[in-house]
Every structure is written in C-alpha cells, then in structure tokens.
1. Which of the three applies to segment 91-243, rounded, prolate or oblate, going by the alpha-carbon gyration tensor with a ≥ b ≥ c and a/c under 1.5 meaning rounded?
2. For GLN114 and THR187 in the same chain, what is the full-extension length gain: residue separation times 0.36 nm, less their Cα-Cα distance, in nm?
3. Which order do the peptides 126-138, 168-180, 108-120 come out in when sorted by mean C-beta neighbours inside 10 angstrom, highest first?
4. Taking R0 as 22 Å, what FRET efficiency do you get between ARG217 and VAL180 from their Cβ-Cβ distance, rounded to the nearest 0.05?
5. What number comes out for the charge environment of ASN181, summing +1 per Lys or Arg and -1 per Asp or Glu over other residues with Cβ under 12 Å away?
6. How far apart, in nm, are the 7 Å Cα→Cβ label points at LYS150 and HIS124?
7. Within segment 111-126, find all residues whose amide N lies under 20 Å from a label point positioned 7 Å from the Cα of GLU228 along Cα-to-beta-carbon.
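Bear in mind that the values in this text are calculations on the coordinates, not laboratory data. Everything numeric here is computed off the predicted structure, so don't read it as measured data. Positions of Cβ are backbone-derived with ideal geometry, glycine not excepted, and every protein chain shown enters the neighbour counts.
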Amino acid sequence: MGAGMACSMGCTVGHGLYALSAASAIELRQRVSNSQQRVADDLRKANEDNVQLRRSMLDLSNQMEELRNEVAIVRGQNEGLAHGMADMQRSQTGTVLSAGERNVESTMVLVDGQQFVVGPAEKHEFEVALATLREGDIAQAQDGLVAFVKHYPQSRYKPSALFWLGNVQYALHNYLDAEVNFRALVTAEPSHLRAPDALLSVADCQVELMNVKAARRTLQDVVEVYPESEAADVAQERLTKLQ
C-alpha cells in the first residue's frame with residue numbers, strides 16, 4: 001500500500017511536471033511566435049515606410065529637377081533679354097554716334113540765297129575752285145569747276161558752280177561751252193538767284209557767236225521772265241542797241 005501510494009504520488013508529480021513543462025514550452029513558442037510576428041510586422045512596416053520615403057524622395061528629386069529646369073529657362077530668358085537690351089543699346093549708341101558724326105562732318109551753308117547742308121569734301125572742293133578764280137587763275141578755276149560738277153552732279157552748289165564756270169569760259173572765249181552751262185543753270189533752277197544773270201549771259205554768248213537773232217530773242221525772254229530783275233533792265237537796253 002505504501003508502495004502504491006508512493007507510485008501514485010510520484011506519477012502525479014511527474015505528470016504535473018510534464019504538464020508544466022509542456023505548458024511552458026507552448027507559452028514560450030507562442031511568445032517566440034508573437035515576437036517573430038512583431039519583428040515581421042516591424043520589418044514590413046519599415047519596408048513600407050522605406051518605400052514611401054523613397055517615393056517621397058523621388059518626387060522631391062523630380063520637383064527639384066523641374067525647378068532647376070524652370071530656373072534655367074528663366075535664366076536663359078533673362079540672358080536673352082539682357083543680350084537684346086545690350087544689342088539695342090549698342091544700336092542706339094551707334095545711331096547716336098552716327099548722327100553725331102554726321103553733325104560734325106556736315107555744315108550748313110548759305111550760297112546765292114540758298115541754305116543747305118553740305119559735306120566737308122564737297123564744301124572744300126567748291127571753295128578751292130572759287131578761291132582760285134578770285135586769285136585770277138582763270139584756267140585753273142575752269143578745271144576746278146569742271147571737276148566739281150563732275151564729282152558732285154547732284155550738289156546743291158551746282159547752280160552756282162555752273163554760273164561761275166560759264167563766266168570763266170566766257171572770259172576764256174569759250175562761248176559755246178559757256179552758253180551751254182548758263183543755259184543748264186536756267187533750265188535746272190529757273191528761280192535761282194543767278195538765273196536772270198545767267199540768261200542774260202546766254203545772250204552775250206550768242207552775240208559773240210554772231211547769232212544776233214537768237215541773242216535778241218534771249219534778251220526778250222529775260223525781260224519777260226524776270227521783269228523785276230536788274231538783268232531785265234540791262235536786257236532792255238541791249239535790245240535797243242540790237243535794233
């Protein structure tokens with residue numbers, strides 16, 4: 001009986017220890033499983049967070065790239081605008097300088113009642129020719145005036161140049177050329193200050209060429225076309241002598 005009780009107690013204790021050990025193992029495994037699950041959940045969440053972070057960083061990188069592109073575009077536009085402004089300023093400066101240079105080079109002159117702007121070379125050549133005439137070098141003056149008319153066919157000096165060229169040629173007894181140049185002045189500039197005297201000089205050339213009939217007709221033209229001029233009074237006197 002004693003042995004039976006001992007066995008019964010030993011078996012009960014052993015069974016209890018086994019039950020306790022099994023329960024502990026189950027609990028431990030459960031804890032491990034729970035721990036592993038938490039770790040797995042944490043890893044999954046970390047991965048998800050990491051993916052989200054990478055996406056956010058990628059979005060930020062894209063935004064930064066777009067911003068850099070926009071800045072580059074704006075900078076390029078600003079540089080283009082700056083270059084445009086610089087070109088415009090250079091152009092305006094060049095225009096101002098060109099106008100200034102023209103003002104320095106050009107001169108306003110008053111010749112035979114006409115006021116106009118003339119360049120330095122043109123002015124110099126005309127004045128040299130007249131200076132030669134005033135000095136009495138008639139042949140040289142003729143060459144100078146012929147050259148001037150050739151060099152500056154559209155010059156505002158031309159009527160005056162033709163008038164003095166005609167007078168020089170008349171003095172050199174070159175009546176045909178003198179008549180041509182006097183007539184050219186009257187035809188081109190009939191209202192010119194020298195036109196009445198030029199037409200009167202045409203008649204003088206015709207007289208020298210023994211063309212009295214043409215001279216008389218020309219003198220009549222002077223009286224009719226320029227009745228208020230001194231040339232008209234002289235023409236009227238000569239008409240009386242040519243009767």
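1. Cα axes put segment 91-243 in the prolate bin.
2. 24.6 nm
3. Working: 126-138: 15.5, 168-180: 17.8, 108-120: 12.7.
Put in order of decreasing packing, that is 168-180, 126-138, 108-120.
4. With R0 = 22 Å, the Cβ-Cβ based efficiency is 0.80.
5. +1
6. 2.0 nm
7. Those under the cut-off are 112-115.
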